Amino acid sequence: QVQLVESGGGVVQPGGSLRLSCEASGNIGWINVMGWYRHPPGKERELVASIRSGGFTYYAEFVKGRFTISRDNANNSVYLQMSSLNLGDTAFYYCMANLREFDGSWFDSKDYWGQGTQVTVSS
C-alpha cells in the first residue's frame, strides 16, 4: 500500500510564497517521476512541474521562473517552492508519483496520487 501525503497549502497574498511538500510511504521499490498537478476552479487539471529520478525537471510555462521543484530520494519526498504567486495560481494542488512497489516481488509501475492541498492567493 502506497500513500502520498501533501502539506504546505494555505492562503497567501499576491506576490507571496508557499512551499508544498509531499512524502510517499509504503512498499516503495523505486520512484521514477514525481510531480505536482493543480486543479484551478472551473478549469481542467494541469501539470505544474515534474522531476525524474535523475533530476531532470519539467515546468509548465505559466510557472517557469516562479516555481522550483525539488526531490529528496532518500525520503521519497518532493517539494514545490512557489514564489511570486498570483491570483491565477489559486487551485487544489496534487502530488503524483510514478513508482514501482516492491514487497519481495516487483510490481509494474503505476501512478499514485495524494489527496491534495488547497492554495489560495487572495488580497
Note to self: Please report the antiparallel percentage of DSSP beta bridges with both residues in the chain, rounded to the nearest 5.
What the structure shows: 95 percent
Item checked: Cα-based radius of gyration of the chain once divided by 2.2 N^0.38 Å, which approximates compact folds -> 1.06
Checklist line | For Gly116, residues with placed amide H under 5 Å, excluding near neighbours | finding: Glu6, Cys95
Next item on the list: Could you rank the peptides 76-86, 108-118 by their average count of other C-beta atoms within 10 Å per residue, with the highest value first?
Entry: 76-86, 108-118
Notebook entry, point to check: Which of the trypsin sites (Lys or Arg not before Pro) found in the range 1-84 are loop residues per DSSP with 16 or fewer other Cβ atoms within 10 Å of their Cβ?
Noted result: Lys43, Arg45, Lys64, Arg66
Notebook entry, point to check: From the backbone phi of the range 82-89, what are the Karplus-calculated ³J(HN,Hα) couplings (6.51 cos²θ - 1.76 cosθ + 1.60, θ = phi - 60°) in whole Hz, Gly and Pro given as x?
Noted result: 10, 10, 6, 5, 10, 4, x, 8
Check: So how exposed is Phe62, as accessible area in Å² (1.4 Å probe, rounded to 10)?
Finding: 80 Å²
Item checked: Accessible surface, per residue, of the chain when the full set of protein chains is kept, probe 1.4 Å, Å² -> 53 Å²
Next item on the list: Quickly work out the Arg45-to-Gln115 label distance, labels modelled 7 Å from Cα along the C-beta direction, and quote it in nm with one decimal.
Entry: 1.6 nm
Notebook entry, point to check: Of the chymotrypsin sites (Phe, Trp or Tyr not before Pro) in the range 11-57, which ones lie in a loop per DSSP and count no more than 12 other C-beta atoms within 10 Å?
Noted result: Phe56
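The values are calculated or read from the model by the stated rules, or taken from the named source; none is laboratory data. Given the structure is predicted, the values throughout are model-derived calculations rather than measurements. A quick note on method: Cβ atoms are made from the backbone with ideal geometry, for glycine too, and the neighbour counts reach across all protein chains shown. Just so you know, the surface numbers come from the protein's heavy atoms only, side chains and all, with ligands and any DNA or RNA stripped out. Shrake-Rupley method; radii C 1.70, N 1.55, O 1.52, S 1.80 Å.
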